[in-house]
Structure formats: structure tokens, C-alpha cells
There are 2 protein chains.
Amino acid sequence: MENSPFVDSLIFDDQGLIPVVVQQVDSGEVLMVAWMNSEAVIQTLETGQGTYWSRSRNEIWVKGATSGNTQSVISLAKDCDADTLLLTVDQLGSACHSGDRTCFDAEVIQFEVSP
Amino acid sequence: MENSPFVDSLIFDDQGLIPVVVQQVDSGEVLMVAWMNSEAVIQTLETGQGTYWSRSRNEIWVKGATSGNTQSVISLAKDCDADTLLLTVDQLGSACHSGDRTCFDAEVIQFEVSP
């Protein structure tokens, strides 16, 4: 998949990256937000496994390669501006390196909801 | 809310912004991804209405202020790295300026899912 019309249509930022929202297919939970460069998008499309760019390690990173908590990809969508991706996956085990199911479990502010 | 421990704990990027995933509370749909500066986070916390920083117009932007498609905030969570937010809302009408319900309805690649 050297030339992918989908990848070519994406807008990457000045570091060559695009943010990716990762969502669990059945529960709808937002598991994490990570970043992809074009190579990570292509590798995700080719392998069907969530694959990202690590901004701290400066390398391609296959989710679960060391932890076993892999992500089987169900669908990949771009947004209206083509500068954000939504990856729907089936997450094995925890998405967060902390061991939490999602990366958003740590601190949540609840609002008063008027009926 | 001049000094908010929650806002003080967030990591903003070099442009003073943090990405925000916006999710519909009941359906779990990911509606859009937008950006907040600290002022937008505080205004969202104070008003309970989804409020962002417009990178194209360089101004605070209350979602639905012109379209009427407002977002009543249910909860606000930060991720494990404190550099991404998840805003759960009740979206009135369409989230996307295109008129689509979500910003991710335009182009979706489906994968073959093994049973």
C-alpha cells in the first residue's frame, strides 16, 4: 500500500502526525488518544492492528507488542477536516499502560445534569 | 474559578492547547475532536457548555452559539498523561458543521473482522 488515496487525503501536522481517537467497538468506550504518522496509518491498514507513532520514543509502536494488550481494528474513519482519525477496535485487556481499562479512568469531573 | 487544580494539572502543548474528544453521553458516538486553551477549559467548567479554542479564527468558540447545536456537558475527564481531555455531552442536533451528526461520518474504512 505504497500509495493510498486514504492516507494521501489526510492532513498531518507540522511534525507529520495526526491524532487518533481509539474507541472500543461494542461498549463505545473511548480507550485512548494516540498519534500516527503516515507509516503508522499504512501499517494499521495493512495489518489490522492498532499501530502508532511514539512521540516519547520516536518510533513506530504496535499497541500490545510488549504487553499483549493488542487492538484488532474494526474500522478507521477520518473527520470532516481530515486532520483527526477515529479507530474502532476490539481491545484485548487494558488500553492504558497504568493497567486501567481506558486512559480516561483516572480523574473525571461530573456535572450537575438538569433533567 | 481563577485557580482550578484540574486546569493546573493539565499539560497544554507549545501553542497552549489541549485536544478534546467529544462524546455523546447515551449513544457513545464520538462526535468531534476540538481544542481548548486553559480559558476554554475554565469556561466549559463554569458554564457547562462545550467551549473551545478556534485555531482558524484564533478565538474562544462556544459550540452552537451561531448554529444552535449546543453541547450540555455531562462530564470532563483527563487522560493518564493529562494531555488529552474527554468531554461527555448531550449534543443538540448535529455536531459537525457539515450537517452530519458526527464529524467522522464522511469516510470510513471497514476491516474484515474474523469471527
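Here the simple spin-label model places points 7 Å from the Cα toward Cβ, and for residue A:101 and residue A:6 these points are separated by 2.7 nm.
Here's the list of lysines a cross-link from residue B:63 could span, going by alpha-carbon distance under 26 Å and ignoring same-chain residues fewer than 8 apart: A:78, B:78. Using the rule -39500 (n - 2.57) for each DSSP H run of four or more residues, divided by the residues of chain A, the 222 nm mean residue ellipticity is -3000 deg cm²/dmol. Relative intensity of the range B:1-96 on a log10 scale, I(q)/I(0) at q = 0.15, 0.16 Å⁻¹, equals -0.52, -0.60, per a Debye sum over C-alpha point scatterers of equal strength in the absence of solvent. The local environment of residue B:20, defined by Cβ-Cβ distances under 12 Å, has a net charge of 0 under the rule Lys, Arg +1 and Asp, Glu -1.
Hydrodynamic radius of the protein assembly as shown by the Kirkwood approach over all distinct alpha-carbon pairs: 18.0 Å. Helix A:38-47 and the long axis of chain A differ in direction by around 80°, with both axes built from C-alpha atoms.
With a sphere of radius 12 Å drawn around the Cβ of residue A:88, what net charge do the other residues whose Cβ falls strictly inside it have (Lys, Arg +1; Asp, Glu -1)? Local net charge: -4. Our coupling estimate for the range A:58-71, obtained by passing each phi through the Karplus curve with A = 6.51, B = -1.76, C = 1.60 and θ = phi - 60°, is 6, 7, 5, 9, 8, 4, x, 4, 9, 7, x, 7, 7, 10 Hz, Gly and Pro reported as x. Per residue of A:100-110, other chain Cβ atoms within 10 Å of the residue Cβ number 6 on average. Let me check I've understood the local charge: for residue B:70, count other residues with C-beta under 12 angstrom from its C-beta, Lys and Arg +1, Asp and Glu -1. What total comes out? Net charge around residue B:70: 0.
None of the figures in this text is laboratory data; all of them are computed from the coordinates on show. As the structure is a computational prediction, the values presented were derived from the model and not from experiment. With ideal geometry, Cβ positions are generated from the backbone for all residues, glycine too; neighbour counts draw on all protein chains shown.
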